[in-house]
Amino acid sequence: MSIAFKAITTRDGKGIFHLFPALCKGCGLCVEKCPVDTIGWAKQLGAFGTPVVEPGHGRPCIACKKCQLVCPDAAIWIEKQAPQERSDRLTSNDRKSR
Amino acid sequence: MAIEAQPQMPRVWRAETKPHKFCPGCGHGIILKALGEAIDALNIQQRAVFGCDIGCSLLAWDFFNLDTIQTHHGRTTPVLVGLKRARPELLAICYMGDGGAYAIGAQHLVSSVSRNDPVTIIVANNTQYAMTGGQMAPTTLPGQKTETSPYGRDVELTGRPMLGPELVATIAPSGAYVARGTVANVVQLKNFIQKGLSNQLKGRGISFIEVLSACPTNWHTNAAETWHFIEKEMSKFFPVGELRTPDGEQRQEVEHRGRQP
């Protein structure tokens, strides 16, 4: 790929959410398709001067990649986060205390 | 230096022309992403020729790293049939809207289907003529408001929505692949397009895939209403699924022969 796009990377739940503001047109199709409603509107502006999307608005991301699938502009890329890297992961001590 | 994250576009997409020219939320982007992934999966980038029609579909003229031609009013099909006859080793992909394929270009579609030309036709059905501002098309749903039907489509006066794949499935000779997909189910859509392309690769006959697409700009809908219209309203009149598969025909023939004494 000769052209490079800059990503906004957010870690949320099980996923690493890469969003490319130069591609996102703010259509909101991903917001409606998200099964855990984690995607919402961000402060940054996208390709058409409309708000881009970001995770962290509902329950944590489950990395189902539905938003990546329905995005007409390929502006979203979801990577699965390794369990040891997750900030919300319970340690063995947490489990014992419950 | 670590490699920075880059968009997961299909390899056949032309990244320099992105973001593409379609409106926010347009179904064309989703269909062309599924088409790009199907081309990547079959590894036919060097052999495929992409033809787009007049209407919003012409905005795909610089979408792919493929040889591309743009024609008018449904003539994408005869132009690419000519190409296929001259160079049978190439793969012809005709990409049209419902206006080009069903309204003014229906003659080309019907002739091509009755000849069973080995090309792949993909039609985006968004229930109106989107590029000219959302006028009523043959596929407009009963009661749907458009620029030229401000009180809703009157079925007494203007008829019922045209069912393209059903028409093609009725008149196509054996070896045809006919299906209807939707942008609400991208995995299934990619599967249909891939089957349509491999039908052409095997040289069995025509492949026709209609896709229920979205036009939020002319429907005047937000994202939630757009999904509701595609998944609930459109699927009432346009059932999604495969109508004709060459494998199914063969299976039926074998079963039929097996039953004979």
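Between B:ASP98, B:ASP67, the distinction of being acidic (Asp, Glu) and surrounded by 24 or more Cβ atoms within 10 Å (Cβ to Cβ) belongs to B:ASP98 only. No other residue among B:ILE44, B:ILE69, B:ILE31 is touching a strand residue (DSSP E or B) at 6+ places or on another chain (Cβ under 6 Å) and within 12 Å of another protein chain (Cβ to nearest Cβ) apart from B:ILE31. In the set (1) crowded, with 16+ Cβ neighbours inside 10 Å; (2) out of contact with any helix residue (DSSP H, G or I) (no Cβ under 9 Å at 6 or more places or on another chain), the condition left unmet by B:VAL113 is number (2). Might you check whether a residue that is under 23 Å from B:ASN185 (Cβ atoms) and charged (D, E, K, R) occurs anywhere in region B:34-55? There is at least one residue in region B:34-55 that is under 23 Å from B:ASN185 (Cβ atoms) and charged (D, E, K, R).
Based on this model, can you work out whether A:ALA47 counts as touching a Lys or Arg at 6+ places or on another chain (Cβ under 6 Å), within 7 Å of chain B (Cβ to nearest Cβ) and crowded, with 18+ Cβ neighbours inside 10 Å? Yes; evaluated as a whole, the condition is true for this residue.
Just to verify a result, which residue in region A:59-75, among those that are within 11 Å of B:LYS33 (Cα to Cα) and in a loop (DSSP other than H, G, I, E, B), is nearest to the other protein chains (Cβ to nearest Cβ)? That would be A:PRO72. Would you tally the residues in region B:97-108 being part of a helix (DSSP H, G or I) and out of contact with any strand residue (DSSP E or B) (no Cβ under 7 Å at 6 or more places or on another chain)? Total meeting the criteria: 6. Criterion applied to B:PRO118, B:PRO165 was being assigned to a helix (DSSP H, G or I), out of contact with any Pro (no Cβ under 7 Å at 6 or more places or on another chain) and closer than 15 Å to B:SER207 by Cβ, and the one residue passing it is B:PRO165.
Residues in region B:201-217 that are buried (at least 21 other Cβ atoms within 10 Å of the Cβ), more than 13 Å from chain A (Cβ to nearest Cβ) and outside any strand (DSSP E or B): B:GLY205, B:ILE206.
Contact map, region A:57-72: residues that are in contact (Cβ under 8 Å) with a residue 12 or more places away in the chain and more than 20 Å from B:TRP13 (Cα to Cα) paired with residues that are acidic (Asp, Glu) and assigned to a loop (DSSP other than H, G, I, E, B), Cβ distance under 6 Å, separation 6+ or inter-chain. Pairs shown: A:GLY58/A:ASP37. Suppose we filter B:LEU157, B:LEU167 for residues that are more than 16 Å from B:GLY97 (Cβ to Cβ) and without any contact (Cβ under 8 Å) to a residue 24 or more places away in the chain; which single one remains? Result: B:LEU157 is the single residue among B:LEU157, B:LEU167 that is more than 16 Å from B:GLY97 (Cβ to Cβ) and without any contact (Cβ under 8 Å) to a residue 24 or more places away in the chain. Suppose we keep only residues that are hydrophobic (A, V, I, L, M, F, W, C) and outside any loop (DSSP other than H, G, I, E, B) within region B:10-28. Which one would you say is nearest to the other protein chains (Cβ to nearest Cβ)? The residue in question is B:ALA15.
Among the residues of region B:174-195, just one is surrounded by fewer than 24 Cβ atoms within 10 Å (Cβ to Cβ) and touching a Pro at 6+ places or on another chain (Cβ under 6 Å), namely B:GLY175. Filtered by the rule that a residue be polar (S, T, N, Q), more than 11 Å from every other protein chain (Cβ to nearest Cβ) and assigned to a loop (DSSP other than H, G, I, E, B), region A:1-41 gives a lone residue, A:THR38. Can you find, within region A:42-54, the residue that is farthest from A:TRP77 (Cα to Cα) among those that are of a type in the set (Gly, Ala, Ser) and assigned to a loop (DSSP other than H, G, I, E, B)? Here the answer is A:GLY49.
Within region A:48-96, the set of residues being modelled with pLDDT of 90 or more and in contact with a helix residue (DSSP H, G or I) (Cβ under 7 Å, 6 or more places away or on another chain) comprises A:VAL53, A:LYS66, A:CYS67, A:LEU69, A:VAL70, A:CYS71, A:PRO72, A:ASP73, A:ALA74, A:ILE76, A:TRP77, A:ILE78.
Is it true that B:SER198 is over 30 Å from A:TRP41 (Cα atoms) and surrounded by fewer than 24 Cβ atoms within 10 Å (Cβ to Cβ)? Yes, satisfied.
The values are calculated or read from the model by the stated rules, or taken from the named source; none is laboratory data. Treat the numbers as computed from the prediction; the structure is a model and nothing was measured. In this analysis, Cβ positions are derived from the backbone assuming ideal geometry, glycine residues included, and neighbour counts consider all displayed protein chains.
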